[in-house]
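Asker: I have a structure I would like to understand better, so I am pasting it below and will then ask my questions one at a time.
The values are calculated or read from the model by the stated rules, or taken from the named source; none is laboratory data. All figures in this text were calculated on a predicted structure; none of them were measured in a lab. Here the Cβ positions follow ideal geometry from the backbone for every residue, glycine too, while neighbour counts run over all protein chains shown. Side chains included, ligands, DNA and RNA excluded: accessible areas come from the protein's heavy atoms. Shrake-Rupley method; radii C 1.70, N 1.55, O 1.52, S 1.80 Å.
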Amino acid sequence: MPRGFFVVLEGPEGAGKTTLATGLVTRMRVDGIEPVTVREPGGTVVAEALRQELLDPSRRWSPEIELLYMTTARADLVSKVIRPALDLGKVVLSDRYDLSTLAYQGAGRGLPMDQVRWVNRAATGGLVPDLTLVLDLAPELGRERQRLAGKGADRMEQEGAAFHERVAAAYLAATGAGVHHLEAGASPDEVLQVAWAQLSRARPETFRARTE
């Protein structure tokens, strides 16, 4: 049985990851693909409990504790959901993964990047995505999108402009195998088309190319 395919959506607040994930899942299902969808932090009983603590606006965590909470949630998700699904040949679509920790806890909180990378590797056992789609968007546009949508701000979203600027800059600078950037300021349909084209190039035998 061929190994599955691991796709991650990344980007700053308000970049449109949820909208893109919905569009990708719809297209996959049209083509007979039933993906395993997960979000970070979350996806297991343990990880969802840690998510509540991490995003609760009333909590005050040091950057180091935040990093460990985040990667503990990731370790549980990888071992209980992501790896088993990939071993079964499934497509896994994740809203955030290790790059988010480099952006938020590394660039945003100012933790040493080498430290963040080491903890990430320990949490994931070295599992890296096959494709990471980074939605690039200026942080002020992301905040405006969230305001217009009436979305309540969690602890991360309540951070100041300087924090979110560092996060967005880290995403914009992200490179590596399988990392591709999308212009999140485009329309949702345009973003979906470009994202699907990246999937088709990365795994043409799984994701049928579209011409629309």
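Asker: Over segment 20-137, what relative contact order in percent results from Cα pairs under 8 Å that are six or more residues apart?
Answerer: Taking the mean separation of contacting Cα pairs over the length of segment 20-137, I get 28 percent.
Asker: I'd like the antiparallel share, as a percent to the nearest 5, of DSSP beta bridges with both residues in the chain.
Answerer: Antiparallel bridges make up about 0 percent of those DSSP assigns within the chain.
Asker: Now for a different question. Can you tell me the length gained on complete extension of the stretch Leu148 to Glu53, counting 0.36 nm per residue apart and subtracting the Cα distance?
Answerer: Residue separation times 0.36 nm, minus the Cα-Cα distance, leaves 31.6 nm.
Asker: Quick one: net charge around His164, please, counting Lys, Arg +1 and Asp, Glu -1 for every other residue with C-beta under 11 Å from its C-beta.
Answerer: Net charge in that neighbourhood comes out at -3.
Asker: Using Cα-Cα distances under 8 Å and only pairs 6 or more residues apart, what relative contact order does the chain have, in percent?
Answerer: Contact order relative to length: 32 percent.
Asker: Report, in debye and to the nearest 20, how large the dipole of segment 1-142 comes out about its Cα centre when Lys and Arg carry +1 and Asp and Glu carry -1 on their Cβ.
Answerer: Details: 16 positive and 18 negative charges, 57 e Å.
So the dipole magnitude of segment 1-142 works out to roughly 280 debye.
Asker: Report the full-extension gain for the segment Glu183 to Val128: residue separation times 0.36 nm, less the Cα-Cα distance, to one decimal in nm.
Answerer: Result: 17.5 nm gained on full extension.
Asker: Same structure, new question: Within the accessible area of the chain, what % is carbon and sulfur when the probe is 1.4 Å and the other protein chains stay in place?
Answerer: Whole-percent figure for carbon plus sulfur exposure: 56.
Asker: Sequence gap at least 6, Cα distance under 8 Å: using those rules, report the relative contact order of segment 118-212 to the nearest whole percent.
Answerer: Computed over segment 118-212, the figure is 35 percent.
Asker: With every protein chain present, what is the per residue accessible area of the chain (1.4 Å probe, Å²)?
Answerer: 48 Å²
Asker: Placing unit charges on C-beta atoms (Lys and Arg positive, Asp and Glu negative, everything else neutral), compute the dipole magnitude of segment 77-206 about its Cα centre in debye, rounded to 20.
Answerer: Result for segment 77-206 is approximately 420 debye, rounded to the nearest 20.
Asker: Follow-up. Just how large is the dipole of segment 88-142 about the Cα centre, in debye to the nearest 20, putting +1 at every Lys and Arg Cβ and -1 at every Asp and Glu Cβ?
Answerer: 220 debye
Asker: So, in nm, how far is label Thr26 from label Val194 when the simple model puts each one 7 Å beyond its Cα toward the Cβ?
Answerer: Each label point lies 7 Å from its Cα, and together they span 1.9 nm.
Asker: Grab the DSSP H runs of the chain that are 4 residues or longer, score each as -39,500 (n - 2.57), total them, divide by all residues and round the 222 nm result to the nearest 500 deg cm²/dmol. Could you put the intermediate results ahead of the total?
Answerer: Numbers: 9 runs with 99 residues, N = 212.
Value at 222 nm, helices only, nearest 500: -14000 deg cm²/dmol.
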